[in-house]
Amino acid sequence: MTGLQDRLTPEQVEEFGRELDELRQRTVDDLGQEDVDYIHNVIKTQRGLEVAGRALLFAGFFPPAWLAGVGALSLAKVLDNMEIGHNVMHGQYDWTRDPALSSQRFEWDNVAPAENWRHSHNYIHHTYTNILDKDRDIGYGVLRMDPAQKWHPYYLGNPAYAALLAVFFQWGVMLHDLEFDRIVKGERKWSDTTEVVRKMVKKASRQVGKDYVLFPLLTGPLAPLTFAGNATANLVRNLWSFSIIFCGHFPAEVESFTEEETENESRGQWYLRQILGSANITGGPLFHIMSGNLSHQIEHHLFPDIPARRYPQIAGEVRAICEKYGLPYHTGPLHKQLWSVAKKLVKLALPRTSPAPTTVGADRQLRAA
Amino acid sequence: MTALIPRRVRSLASLAEALLTPHGMDRYLELVDPMLVRREIRGLVTAVRKQTPDSVTLTVKPSRAWPGFTAGQYVRLQVEIDGVRRTRCYSPCGSQYDGELEFTVKEQGLVSGHLNRAIGVGSVLNLSTPDGGFTLPAARPGRVLLIAGGSGITPVLAMARTLVTEGHTGEIVFVQYSNGPADALYRTELAELAARHPGLRVVHAYTHSKGGDLNGFFAPEHLARVAPWFRDAEAFVCGPKPLMDAVRDHLGERVHTEEFTPPALTFDTANAEGQVRFKRSGRECANSGKPLLEQAEEAGLSPEHGCRMGICFSCTQLKTAGRVRNAKTGEISGEEDEEIQLCISVPVGDVEIDA
Ligand code: FES
């Protein structure tokens with residue numbers, strides 16, 4: 001496996017960075033009314049689906065209505081979290097100066113408070129993408145997702161933890177900010193978490209309040225059906241977003257890095273790491289929208305603050321640049337990527353770390369041994 | 001019994017808010033009708049009229065959240081141009097007792113140009129709460145001198161109309177400076193107003209053509225001729241800076257002005273030192289000596305802003321550490337956790353902003 005630093009010559013890295021910067025600039029210069037109209041349409045659709053879903057559950061005694069209601073609500077939650085929330089909170093629409101599209105003010109339909117998420121995701125994950133011990137999205141502090149993570153009998157439960165995480169994904173994302181694993185290891189004190197916890201409790205109680213108390217109560221005798229409907233919609237959103245997100249960074253060929261090899265990175269090297277550390281999912285336009293265009297994880301990681309609807313438009317060019325520099329461009333259909341993630345989850349539950357380690361650091365350790 | 005109703009309405013509203021969490025009611029209401037929002041102020045354009053070829057007069061019906069304004073104040077108007085919300089300040093020029101707002105906008109600059117060209121009956125604008133201390137004192141002065149130049153007429157006209165609605169019993173002299181009769185905004189309205197109200201006298205001063213009640217730029221004799229009592233009056237002036245300066249030089253203390261064109265600010269970019277940290281976004285840059293708004297933008301942030309000249313306060317952010325110089329006043333402030341206007345604040349050494 002070639003190390004991060006040896007992939008390209010310094011001149012190449014620079015040229016490569018420049019090409020991507022140019023692509024970025026061209027896209028940014030082209031932003032305008034169309035992008036705003038697009039996101040407004042998505043928002044309108046999402047709100048419509050949400051209202052329709054909630055309304056249909058008032059007729060939940062009639063099974064087709066219940067099913068349709070849950071379907072609409074699930075779609076609404078997926079759109080809210082992915083194409084709208086994730087992207088708006090990345091600042092993709094800050095240039096519009098519309099407070100309703102402001103990354104600083106947006107809240108999503110998810111128990112994880114936007115503010116905590118902006119720190120753990122926008123800042124930590126997007127800055128330190130796939131750097132072991134720094135990117136806390138590698139395994140979310142509970143899973144072993146990289147052979148370089150030291151094995152421990154605890155990890156025998158890897159597949160089971162992943163399944164649990166998928167089911168309760170929004171809660172996982174919320175608790176992620178607690179950095180619970182670091183508390184266990186004594187690297188972080190409970191008292192450091194008061195602020196974060198306060199926000200979690202506030203946000204989660206509002207979310208739970210509306211989905212599991214208020215709306216069920218409003219439907220009177222149908223309360224249990226409404227409760228089940230809302231729970232199902234949350235579950236659908238959880239499973240879907242877990243799948244999309246895990247396919248973005250954990251299929252087999254995706255690489256991870258060590259802190260040493262990413263020290264003093266230039267802009268070009270940073271771009272390089274984003275490409276090597278991400279994977280796309282192929283699919284049609286609707287699939288891309290429902291995944292919040294995170295099916296274009298590579299483009300998203302290169303340009304996290306460019307409106308996601310632009311990713312499919314620039315993907316061809318990004319891929320061409322990768323080819324030009326002999327870089328991999330990981331992509332594949334959803335089932336293939338999911339299967340690859342699943343295999344990894346199982347394999348890494350066990351101490352043996354074949355195939356070859358994926359980080360240069362581990363490579364060196366191995367050679368030294 | 002009646003006391004119960006608003007409470008019930010209020011608890012219904014908060015139930016709706018709880019059900020519509022996290023987005024809140026407005027985000028749903030606006031999809032039905034943008035004028036229904038409760039927390040933001042919107043204005044529906046109900047009439048568009050051209051008084052002069054290069055200006056437009058809009059009648060705007062504000063939504064329920066509009067708190068009303070005091071004559072002389074300004075409002076931040078926001079329009080979407082090519083997907084981006086742009087803001088500028090305008091003074092409503094109707095009486096403060098009118099239910100609808102009236103704006104007259106000269107076609108110059110991005111937002112004003114857009115208001116002239118692209119806004120029609122049925123357009124919806126975003127409005128801020130009114131702001132600004134250029135207002136008549138609560139105890140209305142007996143003698144009022146109103147001086148306007150060009151589009152500076154708007155706040156002053158609002159004052160005149162408000163005084164007339166109130167049935168002001170003293171003397172009001174309204175002097176309007178314009179290039180010539182064709183440029184004089186609100187000529188007819190002013191004439192009608194004066195006809196209706198015996199205490200009001202309207203004087204036209206032409207700077208570039210003959211035939212006015214007065215001719216040429218403002219000169220002390222102008223006042224001696226049209227308002228010999230000017231020393232006992234309260235004077236309100238709005239217009240180009242030279243006009244305001246000239247009146248102020250002559251009248252001193254008694255002049256109230258509205259400054260829309262700020263004095264030119266100077267920045268020392270050569271001797272800037274220290275680091276600027278934007279806390280929430282984690283960005284950091286070396287202080288370039290320019291206003292923080294520009295530095296933030298150069299660092300890739302896009303903080304909210306409007307006028308970029310210290311007027312509208314849309315760029316206000318919390319400074320959590322360090323000292324800044326106010327480029328308008330030269331004042332240096334080093335208080336912790338202080339709200340500052342990014343567009344006119346220049347860091348003095350290390351500064352941390354919560355943005
Ligand atoms: S942008 Fe208007 S006060 Fe700063």
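Read the figures in this text as sums done on the coordinates, not as results from a lab. From a predicted model like this one, the values you see are computed outputs, not experimental measurements. Cβ sites come from the backbone with ideal geometry, for glycine too, and all protein chains shown count toward neighbours.
Before moving on, here are some points about what is shown:
- Note on the range B:192-259: with charges restricted to the Cβ of Lys and Arg (+1) and Asp and Glu (-1), its dipole about the Cα centre is near 240 debye.
- Sorted into 10 angstrom bins from 0, the C-alpha pair distances of the range A:260-324 split as 21, 52, 22, 5, 0 percent.
- Pairwise FRET efficiency - A:A228 versus B:V48, Cβ, R0 = 60 Å, nearest 0.05: 0.65
- Inter-chain neighbour count for A:212-219: the average number of beta-carbon atoms from partner chains within 10 Å of each residue's beta-carbon is 1.
- Taking every alpha-carbon pair in the range A:129-248 and binning the separations at 5 Å intervals from zero gives 2, 10, 16, 18, 18, 15, 10, 6, 3, 1, 0 percent.
- Taking amide H atoms as placed 1.01 Å from N in the peptide plane, the amide H of B:R283 lies under 5 Å from those of B:F278, each 5 or more residues away in sequence or on another chain.
- Of every Cα-Cα pair in the range B:148-276, the percent that sits beyond 23 Å: 36
- Dipole of the protein assembly as shown, positive direction: furthest Cα of A:L164, A:G69, A:A100, with charges on the beta-carbon: A:G69
- DSSP assigns beta bridges within the protein assembly as shown; of those with both partners inside it, close to 60 percent run antiparallel.
- Computed from backbone phi, the HN-Hα couplings of the range A:124-135 come to 5, 5, 7, 7, 9, 2, 6, 8, 4, 6, 10, 7 Hz, rounded to whole numbers (Karplus: 6.51 cos²θ - 1.76 cosθ + 1.60, θ = phi - 60°; Gly and Pro given as x).
- Mean separation of Cα pairs under 8 Å and 6 or more residues apart, divided by the residue count, gives chain B a relative contact order of 11 percent.
- For B:E338, residues with placed amide H under 5 Å, excluding near neighbours: B:K319
- Placing +1 on each Lys and Arg Cβ and -1 on each Asp and Glu Cβ, with no other charges, gives the range A:38-96 a dipole about its Cα centre of roughly 180 debye.
- For the range A:129-236, applying the loop criterion from DSSP together with a ceiling of 15 other beta carbons within 10 Å to the GluC sites (Glu not before Pro) yields A:E187.
- In terms of its C-alpha gyration tensor, the range A:156-227 has an oblate overall shape, because the principal axis ratio a/c (a ≥ b ≥ c, square roots of the eigenvalues) is not below 1.5 and a/b does not outweigh b/c.
- Taking the square roots of 5 times each eigenvalue of the Cα gyration tensor of the range A:37-115, largest first, gives ellipsoid semi-axes of 28, 12, 8 Å.
- Cα-only Debye scattering, the range A:293-353: base-10 log of I(q)/I(0) at q = 0.12, 0.30 Å⁻¹: -0.41, -1.17
- Peptide B:280-289, shielding by other chains (average Cβ, 10 Å cutoff): 2
- Prolate/oblate/rounded label for the range B:263-355 (Cα gyration tensor, a/c 1.5): rounded
- Placing one equal scatterer on every Cα of chain B and applying the Debye formula, the log10 ratio I(q)/I(0) at q = 0.09 Å⁻¹ is -0.62.
- Couplings for the range A:219-236, taken from phi via the Karplus curve 6.51 cos²θ - 1.76 cosθ + 1.60 with θ = phi - 60°, read 8, x, x, 7, 2, x, 5, 5, 4, 5, x, 5, 4, 5, 4, 5, 5, 4 Hz in order; Gly and Pro are left as x.
- Our analysis of the range A:219-334 gives Rg over Rh at 1.13, with the two radii drawn from alpha carbon positions and Rh computed by the Kirkwood formula.
- Under the simplified labelling scheme, the A:T45-A:E260 pair shows an inter-label distance of 4.9 nm, with each label point 7 Å from Cα along Cα→Cβ.
- Computed Rg/Rh of chain A, alpha carbon atoms with Kirkwood Rh: 0.98
- Mean shadow area of the range A:1-74 over all directions, Cα convex hull, nm²: 9.3
- For the range A:251-291, the Kirkwood radius over C-alpha pairs fed into Stokes-Einstein at 20 °C and 1.002 mPa s yields D = 176 µm² per second.
- When the charge dipole of the protein assembly as shown is built from unit charges on Cβ atoms (+1 for Lys and Arg, -1 for Asp and Glu) and taken about the Cα centre, the candidate among B:L251, B:H168, A:P224 whose Cα reaches farthest toward its positive end is A:P224.
- Longest stretch of chain B clear of exposed loop sites (GluC sites (Glu not before Pro), DSSP loop, at most 13 other Cβ atoms within 10 Å, sites excluded): B:1-272.
- Cut-off under 5 Å, modelled amide H: who pairs with B:I41 long-range: B:L127
- Among the chymotrypsin sites (Phe, Trp or Tyr not before Pro) within the range B:43-110, those in coil by DSSP and having at most 13 neighbouring Cβ atoms inside 10 Å are B:Y97.
- Phi to ³J(HN,Hα) by Karplus 6.51 cos²θ - 1.76 cosθ + 1.60 over the range B:144-154, Hz, x for Gly, Pro: 10, 10, 10, 10, 10, x, x, 6, x, 5, 4
- Projected-area average for the range B:1-101 over all orientations - Cα convex hull basis, square nanometres: 9.2
- With bins 10 Å wide beginning at 0, the percent of Cα pairs of the range A:48-195 falling in each bin runs 10, 29, 31, 20, 9, 0.
- Using distinct alpha-carbon pairs, which all enter the 1/r mean, Kirkwood radius of the protein assembly as shown in Å: 29.5
- Partner chain coverage, peptide B:12-24 - average Cβ within 10 angstrom: 4
- Assuming charge only on the beta carbon of Lys and Arg (+1) and of Asp and Glu (-1), the dipole of chain B about its Cα centre is about 980 debye to the nearest 20.
- With the charge dipole of chain B set up from +1 on Lys and Arg Cβ and -1 on Asp and Glu Cβ about the Cα centre, the Cα lying farthest toward the positive end among the listed residues B:G133, B:P67, B:G322 is that of B:P67.
- Sites matching trypsin sites (Lys or Arg not before Pro) across the range A:286-358 that sit in DSSP coil, with at most 13 neighbouring C-beta atoms within 10 Å: A:R352
- The range B:68-141: projected area of the alpha-carbon convex hull, averaged over directions, in nm²: 5.6
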